[in-house]
Amino acid sequence: MIVEMNTGATKEQVDHVVDRAHSLGFEVQLNIGTEKTVVAILGSDTGKTDTDVFAVLPGVQSVSRVMKPYKLASREFHPRASKINVSGVEIGGQRVVIMAGPCAVESEKQLMDTARAVQKLGASVVRGGAFKPRTSPFSFQGLGQDALKMLLKVKSDLGIPVITEVIDIQGIEPVAKHADILPVGARNMQNFALLRELSKLKHPILLKRGLSATVTEWLTAADYLLAQGNRRVILCERGIRTFEDTVRFSLDISSIPVIKQVSHLPVIVDPSHAAGHWAYVPSIAKAAIAAGADGILIEVHPKPEEALVDGLQSLDIPNFERLMKDLRPIAQAVGRYV
């Protein structure tokens, strides 16, 4: 249930709504805007409560029910698009943010060489996997703590934010100490215990869409991150598993305008994991920007043929440079810039 307060409603009037909700056993989230406050009334039994219970309270402009299972990620709760600032980089604004780097951190030289190159070419966030959740237990699992130290060095030496995945609850604290953005991988999209712990942080969290998740399930998972007050949530479309076998995953381009219509959260696209082959990555990235994506998360490696993880889907530096040049006119055509 969404309670929209009048413009200029007093703190006492907002508190009255909150107190009434608590007295009925409901949870509350506030969206305090520059003009008015919106109160989300949360609970499994809100549908049994008459809207007049809140409509009659002083300062209330309107009360409506949110019929979708996701509440806090919806436009009803937060009508304006959210913009998330990460160390001076705004995600969700006019700029299409490029996050680039190796799938896995393999050495300090590999990471630093890649970071310098992608930053020079226009990337504003460096990616690099420290912990790698692999399908096989015998595959390279990442350098762990050593990789986190290397990412911190990139951050301090180059003055650029870094992003690396957190794969379990035990890894939250060390990753949060070193990274600016914490991604939740597709396999963990519905790891609700992990999402609850991450929701307690103030770090931006990037939530990847699950391998077979619907948009509704994806946004409902985002509510877990938003439920305890962390408003810095970014969605990431990375392709879903379908009957198609010519690419690694089928990137759902249509999810981007759908998200923009029903949710206030920014959405970026990972063309590398969707494609599974570097040759397809540029076309998918271009399509994502044309469809309204707020950013691109892309795998770049100085020598993909020597990569320990996902070399086939990684761009080398010359191909990344070519892609950046191609993206700029597309972004300009849709009123944005790279």
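Summary table
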item: Shape of segment 90-203, Cα gyration tensor, a/c cut at 1.5; result: oblate
item: Student exercise, segment 1-148 dipole from Lys, Arg, Asp, Glu Cβ charges, in Debye to nearest 20; result: 640
item: Kirkwood Rh, Cα atoms: Rg over Rh of segment 57-101; result: 1.17
item: Positive-end residue of Pro271, Leu158, Pro79, charge dipole of the chain with Cβ unit charges; result: Leu158
item: Qualifying lysines (Cα of each under 23 Å from Cα of Lys153; at least 8 residues distant if same chain); result: Lys109, Lys120, Lys132, Lys177, Lys202, Lys303
item: Selection from Gly171, Phe54, Pro204 lying farthest towards where the dipole of the chain points positive, charges on Cβ; result: Pro204
item: Calculated FRET value between Glu108 and His22, using beta carbons and R₀ = 51 Å, to 0.05; result: 0.50
item: Förster radius 22 Å - calculated FRET efficiency between Thr7 and Gln261, Cβ distance, rounded to 0.05; result: 0.30
item: Approximate spin-label separation His277-Glu306, in nm, with each point projected 7 Å along Cα-to-Cβ; result: 2.6
item: Kirkwood hydrodynamic radius of segment 131-280, Cα pairs, Å; result: 16.1
item: Segment Ser139-Gln61, extension gain: residue separation times 0.36 nm, minus the distance between their alpha carbons; result: 22.4 nm
item: Percentage relative contact order, segment 183-338, counting C-alpha pairs under 8 Å, at least six apart; result: 16
item: Longest exposed-site-free window of the chain, the sites being chymotrypsin sites (Phe, Trp or Tyr not before Pro) in a DSSP loop that have at most 15 other C-beta atoms within 10 Å; result: 1-137
item: Whole-number percent relative contact order across the chain, with pairs defined as alpha carbons under 8 Å at least 6 apart; result: 16
item: Nearest-20 debye value, the chain charge dipole, Cβ charges on Lys, Arg, Asp, Glu; result: 480
item: Length added when fully stretched, Thr34-Val334, from 0.36 nm per residue minus Cα-Cα; result: 105.2 nm
item: Alpha-carbon spread of segment 2-46, three principal axes, descending order, Å; result: 29, 16, 11
item: Length added when fully stretched, Arg241-Lys200, from 0.36 nm per residue minus Cα-Cα; result: 11.7 nm
item: Ala287-Lys325 pseudo-label distance in nm [points 7 Å out on the Cα-to-Cβ vector]; result: 2.4
item: Square roots of 5 times each gyration tensor eigenvalue, C-alpha, segment 267-338, largest first, Å; result: 22, 12, 8
item: Set of lysines with alpha-carbon distance to Lys11 below 22 Å, sequence-local pairs under 8 removed; result: Lys36
item: Helix-only CD estimate at 222 nm, as mean residue ellipticity for the chain, using -39500 (n - 2.57) per DSSP H run (n ≥ 4); result: -9500 deg cm²/dmol
item: Rounded if a/c under 1.5, otherwise prolate or oblate - the chain, Cα gyration tensor axes; result: prolate
item: Cα long-axis angle, helix 281-291 against the chain (0 to 90 degrees, to the nearest 10); result: 30
item: Size of electric dipole in segment 2-64: Cβ of Lys, Arg +1 and of Asp, Glu -1, about Cα centre, debye, nearest 20; result: 60
item: Efficiency of FRET from Cβ geometry, Gln170 and Ser212, R₀ 25 Å, rounded to 0.05; result: 0.40
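No lab work stands behind these numbers, since they all come straight from the coordinates. Only a predicted model underlies this, so the values are computations on that prediction, with no experimental measurement involved. Ideal geometry is used to build each Cβ from the backbone, glycine not excepted, and the neighbour counts take in all protein chains shown.
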